[in-house]
Amino acid sequence: MPNVFTDYAETHWVPINEDMVTVQTVDATGQRENHVLSVADALAQFKVKYPFVDDAQAAELFARGG
């Protein structure tokens, strides 16, 4: 499974509920894709690209969308 934060040119996410997020990606060719991830999986992938962000900060970002 690709990392939605490191394997795409653009990534935006929208919370579905407190357990799930929809992640919209755009690759280098402009192709858009939607991914539905658990918050835990999305946070784990997010931490690969942004290891300096602690879990509480990352969870707050996911709750707001970005």
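The values are calculated or read from the model by the stated rules, or taken from the named source; none is laboratory data. All values reported here derive from a predicted model rather than from experimental measurement. Every residue, glycine as well, gets a Cβ built from its backbone with ideal geometry; the counts of neighbours run over all protein chains shown. Calculation scope for accessible area: heavy atoms of the full protein, side chains included, ligands and nucleic acids excluded. Shrake-Rupley method; radii C 1.70, N 1.55, O 1.52, S 1.80 Å.
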Looking at the stretch 29-52, which of the residues that are part of a loop (DSSP other than H, G, I, E, B) and among the hydroxyl-bearing types (Ser, Thr, Tyr) is surrounded by the most Cβ atoms within 10 Å (Cβ to Cβ)?
50
Qualifying positions in the stretch 53-62 - loosely packed, with under 13 Cβ neighbours inside 10 Å and either touching a strand residue (DSSP E or B) at 6+ places or on another chain (Cβ under 6 Å) or assigned to a loop (DSSP other than H, G, I, E, B) (or both):
54
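I'd like the full set of residues that are outside any strand (DSSP E or B), open to solvent by 60 Å² or more (accessible area, probe 1.4 Å) and not aliphatic (A, V, I, L, M), limited to the stretch 3-28.
Hits for the stretch 3-28 are 6, 7, 17, 18, 19.
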Long-range neighbours under 6 Å by Cβ, at least six apart or interchain, first residue basic (Lys, Arg) within the stretch 20-38, second surrounded by 14 or more Cβ atoms within 10 Å (Cβ to Cβ):
32/26
